[in-house]
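See structure below.
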Amino acid sequence: MNDAGPAAQGDDTRAVRAGLPEPVKYEPTLPGPVFAAHFHLPGEPTGPYTYGRDENPTWTHLERAIGELEAPGLDGVETLAFASGMAAVSAVLFSQLRAGDAVVLPSDGYQALPLVRTQLESYGIEVRTAPTGGDAQLDVLDGARLLWIETPSNPGLDVCDIRRLAEAAHARGALVAVDNTLATPLGQRPLHLGADFAVASGTKQLTGHGDILLGYVTGRAGGAMTAVRRWRKIVGAIPGPMEAWLAHRSLATLALRAERQSATALAVAETLRDWPEDLGVRYPGLPDDPSHTVAARQMRRYGCVVSFTLPTRARAERFLEALRLVDDATSFGGVRSTAERRGRWGGDAVPEGFVRLSVGAEDPEDLVADVRRALRESAE
Ligand SMILES: *Cc1c(COP(=O)(O)O)cnc(C)c1O
């Protein structure tokens, strides 16, 4: 074991040990989920554990683990777990913004952001949007209280320069939040790049089995995080102990999964790029992708999502139907590959034939062969 602590260890080592308590004789390595609405609490009602909406020991272990992965070596950082990614996203936006404030969102971000926008506007908050690519959000920063970044963006996979945007935002007195769902903490460390908050859905690759919803916020401890904690208490969007425990168990394999899934995603992206038809493939790890230069500076792995565009909706539907190893399903990041025609939801500005493919942990050769066969069969 490396004596310099988690910050000096490799990703695999940190992932398998993240958040584990000191060993206690006859206790399990990772204590089981604590199912408790309340705790024995005689006398003064002080924590750490009072009532189940405020704190839970199973969350504490998970929050420590995520903090060790998101911000290794950074002092004074706090993580809060939430019931879903959107609970975490909303906790930051609604706890930090007041009527009369302005916020900058990406115009090409997660499909629920337009709903959030409407809600923010109904509270008298000014919402400005700009695309992720080309750091276009820089142009609308003046006077904003908060900058919300999503990089790589879902589903278009554009990338922006977190450090550059964070510096510009801080120079104008704005806070910076980065949605780190697609990259995961092992792909990118927003706090190290200058952001105030890393926010993510743990529903996707972080937990990786497509069986739980979860979210988290990691931020510099202090006033801003106190407001996020207060918001969680007010809204009550807390994770169940079972979900929190399953998430923690899944973190142990995050490095293994992320490594395999991003390597296979690159192989799939190369297959699509080299296909005789022009499929407009996007993957930040492809050296010729428009995002690659910035991505290579700030990302340590390029993620498991590849996007591309088939010429028509019918062709995309035939392609998805022809796949045998890839489930036609939404979400991404799981150990089983999934793909979907993103336009079917109507929320993203994408062409009808746009496909978002999430690469799982299958053998790369099998997956590439399946994609090639489905491309051929769907063309006929
Ligand atoms: C899925 C997702 C969310 C929302 O997470 P849920 O767990 O579904 O609430 C937020 N941001 C991004 C980028 C996502 O992909």
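The values are calculated or read from the model by the stated rules, or taken from the named source; none is laboratory data. The model shown is predicted, which means the values in this text are computed figures rather than measured ones. Cβ coordinates were reconstructed from backbone atoms using ideal geometry, including for glycine residues, and neighbour counts include every protein chain displayed.
The test for being among the hydroxyl-bearing types (Ser, Thr, Tyr), under 30 Å from GLY124 (Cβ atoms), buried (at least 21 other Cβ atoms within 10 Å of the Cβ) and in contact with a Phe, Trp or Tyr (Cβ under 9 Å, 6 or more places away or on another chain) does not hold for SER95.
Just to be sure I understand the filter: pairs with C-beta atoms under 6 Å, separated by 6 or more residues or on different chains, first member in the range 5-32 and under 18 Å from PRO241 (Cα atoms), second member modelled with pLDDT of 95 or more and surrounded by 11 or more Cβ atoms within 10 Å (Cβ to Cβ). Which pairs pass? These pairs meet every condition: ALA18/ALA65; ALA18/GLU68; ALA18/LEU69; ALA18/LEU251; GLY19/HIS61; GLY19/ARG64; GLY19/ALA65. Selection of first residues in the range 77-92 that are near the ligand (Cβ under 9 Å from one of its atoms) and of second residues that are outside any strand (DSSP E or B) and of a type in the set (S, T, N, Q), restricted to Cβ pairs under 6 Å at least 6 apart or on distinct chains, gives the following pairs, ordered by first then second residue: GLY85/THR203. Of all residues in the range 112-131, none satisfies the criterion of being more than 24 Å from GLU167 (Cβ to Cβ) and assigned to a strand (DSSP E or B).
Applying the set (1) free of Cβ contacts under 8 Å to residues at least 60 places away in the same chain; (2) touching a helix residue (DSSP H, G or I) at 6+ places or on another chain (Cβ under 9 Å); (3) within 17 Å of ALA198 (Cβ to Cβ) to THR132 leaves exactly one unmet item: (2).
Of the residues in the range 227-237, at least one is assigned to a loop (DSSP other than H, G, I, E, B) and within 11 Å of the ligand (Cβ to nearest atom). Looking across the range 166-195 at every residue that is of a type outside the set (A, V, I, L, M) and crowded, with 24+ Cβ neighbours inside 10 Å, the one that is farthest from the ligand (Cβ to nearest atom) is identified as ARG189.
Residue-by-condition table, conditions (1) assigned by TED's automatic domain parsing to the domain that holds THR60; (2) over 22 Å from PRO57 (Cα atoms); (3) out of contact with any helix residue (DSSP H, G or I) (no Cβ under 7 Å at 6 or more places or on another chain):
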| position | (1), (2), (3) |
| --- | --- |
| VAL178 | yes, yes, no |
| THR207 | yes, no, no |
| ILE212 | yes, no, no |
| GLY215 | yes, no, no |
| ALA221 | yes, no, yes |
| ARG229 | yes, no, yes |
| GLY236 | yes, no, yes |
| PRO241 | yes, no, no |
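If you go through the range 196-211 and keep only what is within 16 Å of the ligand (Cβ to nearest atom) and crowded, with 21+ Cβ neighbours inside 10 Å, you end up with PHE197, ALA198, VAL199, ALA200, SER201, GLY202, THR203, LYS204, GLN205, LEU206, THR207, GLY208.
Against the test of being in contact with a strand residue (DSSP E or B) (Cβ under 8 Å, 6 or more places away or on another chain), modelled with pLDDT under 95 and aliphatic (A, V, I, L, M), the options ALA166, ALA198, ALA221 yield a single qualifying residue, ALA221. Residues that are assigned to a loop (DSSP other than H, G, I, E, B) and among the hydroxyl-bearing types (Ser, Thr, Tyr) were ranked within the range 93-111; the one that is farthest from the ligand (Cβ to nearest atom) is SER107.
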